[in-house]
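Let me begin by presenting the structure, written as structure tokens, before commenting on it.
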Amino acid sequence: MITKIYVVLLGIVLGSFLNTCIYRIPQKQSIISPASCCTSCNAGLKAIDLIPIASYVILMGKCKYCGDKIGVRYILIEILTGIIALVLFLKWGLNIKFILYGIFACLLICIFFIDYDYLIIPDGLIYLGILYGVVCKLILYKNENLRLAFINGILGFVLGGFIFLLLAIITRDGIGGGDIKLVSMLGFYFGWQNIILIALISFLIGGLIASFLLVTGVKNLKDPIPFAPFLILSSLIIFLYKDLILYWYIKGAILY
């Protein structure tokens, strides 16, 4: 139980750092310096102001220096990262897979919210994801399995990119260049079999959410809807529950 608490706290702390990355990377600012400050009054924040979740609650969601409201999404990302860390720990335990997959999950969270906010996916994060995929394969696979892992990754990279490039042509830029690069990166990481499932689930989730937004009037047909969040959500689903999904599918097919 104590270990689970530590894992959640670690995830929450990482979530606080991801908030900085999500805010600064699209603006091409360093994620290391300068020190954190209020985005409204630019007042420098002290350590006591940066305690994940706790500082937000103590300050009642307002900047201590100017009184401006702090977005609740900051703590939601911290909580989300803590939950994902716990889920990864429950699935793989405290080992190298937990560390490697946890880092990759953090990268996906950054891409998710950056695309949601700015409708862009920085190339640097895509290149980092591909490089990290290479590192993960080198660590997790050996000898013959390593060769097969790279072949599978390259096939996933090509297949994912080709599918979305074709969709971009058919829909006349309905799919952005960033989405094509992202799905290629995911294809390299997850392999060609998984990228097909990820693409299918992302279209299903995207269609349902887009339909809801259009019906409720939140969006109209001319409003752009970021697609990277659907891809990333689908990736996390496949990452954690692929075996269960395949079991349900096969069981349903047999019953049918």
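Listed here are the residues, each with its yes/no results for (1) open to solvent by less than 50 Å² (accessible area, probe 1.4 Å); (2) more than 16 Å from the chain's Cα centre (by Cα).
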residue	(1), (2)
Leu148	no, yes
Asn152	yes, yes
Phe164	yes, yes
Ser184	yes, no
Phe188	yes, no
Leu200	no, yes
Ile232	yes, no
Worksheet entry | Residue list for region 173-201, restricted to those being more than 21 Å from Tyr116 (Cα to Cα) and either modelled with pLDDT under 90 or touching a Lys or Arg at 6+ places or on another chain (Cβ under 8 Å) (or both) | Gln193, Asn194, Leu197
Practice prompt. Would you mind finding the one in Leu138, Leu94, Leu128 that is farther than 20 Å from Phe230 by Cβ, assigned to a loop (DSSP other than H, G, I, E, B) and open to solvent by 50 Å² or more (accessible area, probe 1.4 Å)?
Written response: Leu94
Item to complete: Kindly list the number of the only condition in (1) part of a loop (DSSP other than H, G, I, E, B); (2) at pLDDT 90 or above; (3) open to solvent by less than 50 Å² (accessible area, probe 1.4 Å) that fails for Phe113.
Response: (1)
Item to complete: Please verify whether region 37-57 includes one or more residues that are hydroxyl-bearing (Ser, Thr, Tyr), open to solvent by less than 50 Å² (accessible area, probe 1.4 Å), touching a residue at least 24 places away in the same chain (Cβ under 8 Å) and not in a loop (DSSP other than H, G, I, E, B).
Response: no
Worksheet item: Out of region 166-177, which residues are open to solvent by less than 40 Å² (accessible area, probe 1.4 Å) and out of contact with any helix residue (DSSP H, G or I) (no Cβ under 7 Å at 6 or more places or on another chain)?
Response: Gly176
Worksheet, complete the sentence: Ala85 passes all but one of the listed conditions (1) closer than 23 Å to Pro229 by Cβ; (2) touching a residue at least 24 places away in the same chain (Cβ under 8 Å); (3) among the hydrophobic types (A, V, I, L, M, F, W, C); (4) not in a helix (DSSP H, G or I); the exception is number (4)
Discussion item. I'm told Ala199 meets every condition in (1) of a type outside the set (D, E, K, R); (2) part of a helix (DSSP H, G or I); (3) at positive phi except one. Can you identify the failing condition by its number?
Written reply: (3)
Worksheet, complete the sentence: Filter region 210-227 for residues that are open to solvent by less than 70 Å² (accessible area, probe 1.4 Å) and within 22 Å of the chain's Cα centre (by Cα); the one that is farthest from Gly177 (Cα to Cα) is Leu213
Item to complete: Kindly indicate which of Arg73, Arg24 is within 21 Å of Phe230 (Cβ to Cβ) and of a type in the set (D, E, K, R).
Response: Arg73
Response to the item:
Pairing a residue in region 59-70 that is open to solvent by 100 Å² or more (accessible area, probe 1.4 Å) with any residue that is outside any loop (DSSP other than H, G, I, E, B) and modelled with pLDDT under 75, where Cβ atoms lie under 7 Å and the two sit 6 or more apart in sequence or on different chains, gives Lys64/Asp49
Worksheet item: Looking at (1) in contact with a Ser or Thr (Cβ under 9 Å, 6 or more places away or on another chain); (2) open to solvent by less than 40 Å² (accessible area, probe 1.4 Å); (3) over 29 Å from Asp123 (Cβ atoms), which is the only condition Gly11 fails?
Response: (3)
Worksheet, complete the sentence: Taking region 234-256 and the residues there that are at pLDDT below 65 and among the hydrophobic types (A, V, I, L, M, F, W, C), the one that is surrounded by the most Cβ atoms within 10 Å (Cβ to Cβ) would be Ile250
Discussion item. Filter region 1-55 down to the residues that are in contact with a helix residue (DSSP H, G or I) (Cβ under 6 Å, 6 or more places away or on another chain), of a type in the set (Val, Ile, Thr), closer than 15 Å to Ile77 by Cβ and modelled with pLDDT of 90 or more and list them by number.
Written reply: Val8, Ile12, Ile22
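The values are calculated or read from the model by the stated rules, or taken from the named source; none is laboratory data. What you are looking at is a predicted structure, and each value in this text was computed from that prediction instead of being measured. FYI the Cβ positions are ideal-geometry reconstructions off the backbone, even for glycines, and counts take in every protein chain you see. Only protein heavy atoms, including side chains, enter the accessible area calculation; ligands, DNA and RNA are left aside. Shrake-Rupley method; radii C 1.70, N 1.55, O 1.52, S 1.80 Å.
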